[in-house]
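The block underneath contains the structure these notes are about, expressed in structure tokens.
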Amino acid sequence: LSQGNPLGSFFANPVPATFGLIGFLTLIVLFIISFERVKNKLHSGLWWKLQYHGVRIAGIAVFLHLAIRKAPEWINWWNGRFPFGVARPYLPPASLLAALFAVLVLLVRVSELFGKRGAKLLIPFLGVLTVLAAGWLFLR
């Protein structure tokens with residue numbers, strides 16, 4: 001199949017496409033269960049758990065989709081190999097900065113497992129670490 005259509009792209013890169021599909025389908029389910037009519041049929045505790053865990057599953061799946069798809073581009077940028085037509089090759093790719101922010105969000109969510117006290121200690125540290133990492137990407 002041609003890579004010009006979605007199915008051809010899926011089979012050409014099945015791993016990141018599968019993560020993207022998982023994220024997309026999870027968000028569709030969350031959208032559907034957000035309607036009042038569906039919400040009223042679900043027990044409120046179950047609805048909340050589905051939303052809580054569903055958005056995390058979708059976030060991780062979308063992050064993996066992005067990271068796997070863009071990793072070759074990031075490696076080329078790191079090694080100084082730029083595709084023709086890149087306007088500012090000295091700047092890090094925007095997708096790399098987005099991935100850095102996504103890692104911060106995931107680590108903040110993981111820090112919640114350590115309780116409120118642990119999260120209060122870890123979150124500022126993670127924020128500073130993220131800003132330093134982003135700055136390092138610009139200065140490298």
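The values are calculated or read from the model by the stated rules, or taken from the named source; none is laboratory data. Please read all numbers here as calculations on a predicted model, not as lab measurements. Reconstructed Cβ throughout: ideal geometry from the backbone, glycine too, with neighbour counts over all protein chains shown. Accessible surface areas use protein heavy atoms only, side chains included; no ligands, DNA or RNA. Shrake-Rupley method; radii C 1.70, N 1.55, O 1.52, S 1.80 Å.
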Tally the residues that are closer than 23 Å to residue 68 by Cβ and among the hydrophobic types (A, V, I, L, M, F, W, C), restricting the search to segment 100-125. 10
Residue 97 passes all but one of (1) touching a residue at least 12 places away in the same chain (Cβ under 8 Å); (2) farther than 20 Å from residue 129 by Cα; (3) open to solvent by less than 60 Å² (accessible area, probe 1.4 Å); which number fails? (2)
Can you tell me which residue is farthest from residue 109 (Cα to Cα) among those in segment 43-80 that are among the small types (Gly, Ala, Ser) and over 17 Å from the mean Cα position of the chain (by Cα)? 80
Which residue, of 131, 55, 108, is among the β-branched types (Val, Ile, Thr), out of contact with any Asp or Glu (no Cβ under 9 Å at 6 or more places or on another chain) and open to solvent by 100 Å² or more (accessible area, probe 1.4 Å)? 131
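Can you work out which of the residues in segment 111-122 that are open to solvent by 50 Å² or more (accessible area, probe 1.4 Å) and of a type in the set (A, V, I, L, M) is nearest to residue 140 (Cα to Cα)? Please lay out each step first, then the result.
In the first step, residues of segment 111-122 are kept if they are open to solvent by 50 Å² or more (accessible area, probe 1.4 Å); the result is 112-114, 116-117, 120-122.
The next check asks that each one be of a type in the set (A, V, I, L, M); those that pass are 113, 121-122.
Values: 113: 34, 121: 29, 122: 26 Å.
Step by step, filter segment 111-122, then rank; the result is 122.
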Anything in segment 130-139 that is in contact (Cβ under 8 Å) with a residue 24 or more places away in the chain and not small (Gly, Ala, Ser)? List them, or say none. 130, 137, 138
Single unsatisfied condition, residue 29 versus (1) farther than 20 Å from residue 67 by Cβ; (2) aliphatic (A, V, I, L, M); (3) surrounded by fewer than 12 Cβ atoms within 10 Å (Cβ to Cβ): (3)
